[in-house]
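> Sharing a structure with you now.
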Amino acid sequence: MIGRNETVEREFEELNNIDRDTLIEKMTAEIRTLGEMFGLSDVDIAEKSGMDERQLSAVIKGETKMKWSEYLALLFLFWRNEKSRKVIEEKGLFPVELKRAMSVNRTLHEVNTQPVYQSGRTVK
């Protein structure tokens, strides 16, 4: 039986092996299509994802490469919409290794945010 720590280590190793450049290229090609599914303009996409408008414009035009953090912000923005989620799945923009790693992070976060009781009071 694989222990929890071994599972976490394996899943983070998978995450490190993800071809980020390919995912970023695919997301760059799909930004406008995904935004249209939400009814979002480029300005709206930038605002909702936390990206600078000029940076987003430069990414879309191919003038600069998207950062991994921007990719993740866009992924989670578009993942909220059922139609765009389908495109994300079809295009392979949210690989199972990344999903697994995000699930691991959420589980660890939940464990670490349980209230702690000290001196008769609850401390977060």
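> Can you work out the FRET efficiency for the pair Thr33 and Arg10, with r the C-beta to C-beta distance and R0 = 35 Å, to the nearest 0.05? Present the calculation step by step, with values, prior to reporting the outcome.
On the way: r = 34 Å, r/R0 = 0.97.
Once rounded, the FRET efficiency stands at 0.55.
> Now for a separate question. How much FRET efficiency would the formula 1/(1 + (r/R0)^6) give for Ile18 and Ala58, where r is the Cβ-Cβ distance and R0 is 22 Å, rounded to 0.05?
0.40
> Scan around Thr64 for amide H atoms under 5 Å from its own, H built in the peptide plane at 1.01 Å from N, and keep only partners 5 or more places away or cross-chain.
For Thr64, the qualifying residues are Val59.
> Could you check the spin-label model distance between Arg80 and Asp42? Points 7 Å from the Cα along Cα→Cβ, value in nm.
Simple spin-label model gives 2.2 nm for this pair.
A short reminder: the numbers here are calculations on the coordinates, not readings from a lab. As the structure is a prediction and not an experimental result, all values here were calculated from the model. Methodologically, a virtual Cβ is constructed for each residue, glycine included, from the backbone with ideal geometry; neighbour enumeration extends over all protein chains shown.
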